[in-house]
Amino acid sequence: MAGTQRRGRRIMLTDGERDAFLAAQRTCRVATVGGDGAPHVGALWFAWDGTALWLYSITRSRRWAQLRKDPRIAVVVDDGDGYGELRGVELSGRAVFIGEAPRTGEPCPELDVPERLFASKYFGMDTMPHDGRHAWLRLVPDSVASWDFRKIPAG
């Protein structure tokens, strides 16, 4: 996978903790880069398959247009209310467009796993419903950083 984080190793999530965390969380924040270099951040639903983060984005969104011009992307998934409960994962790299856009359900074996995971997670279904407005982005991260402040010793 991606490079190992250097700072905060004692509070970083293990691979198993990271996978369980990403499977359980429902919303991520996605940062893209505009033509003028300004960042744009928006919330999305996602699926994690243990290697890649799969984002199901509206194809007429600002995010989609920006990624068509510049595929660099950073995604944060986090949780916790109090300081000592904060935990999260940041993944960054380049987005890759997978399947037809917008997605109508044409056979695409590469989407079998993410669509099954996504449909189960968000719709409680075995198969993915398609609305003809969304399509898939895949992020195989170049770097991953994680934190779990619950691992900080009290006192």
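The values are calculated or read from the model by the stated rules, or taken from the named source; none is laboratory data. Predicted, not measured: the structure shown is a model, and the values here were computed from it. Backbone-built Cβ (ideal geometry, glycine too); neighbour counts: all protein chains shown. Note: accessible area is taken over every heavy atom of the protein model, side chains too, but ligands, DNA and RNA are not part of it. Shrake-Rupley method; radii C 1.70, N 1.55, O 1.52, S 1.80 Å.
Values computed for the structure shown
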quantity	calculated
Label-point gap, in nm, between VAL41 and ASP81 - each point 7 angstrom along Cα→Cβ	2.2
Projected-area mean, the chain, by convex hull of Cα positions, square nanometres	10.0
In sequence order, calculated HN-Hα J values of the range 103-116 (Karplus, 6.51, -1.76, 1.60; Hz; x Gly/Pro)	6, 10, x, 4, x, 8, x, 5, 9, 4, 5, x, 5, 5
Accessible area of the chain belonging to carbon and sulfur atoms, whole % at 1.4 Å probe	50
Scaled radius of gyration (Cα, divided by 2.2 N^0.38 Å) that the range 56-145 gives	1.23
Highest average packing first - 63-74, 44-55, 106-117, 122-133, Cβ atoms within 10 Å	44-55, 63-74, 106-117, 122-133
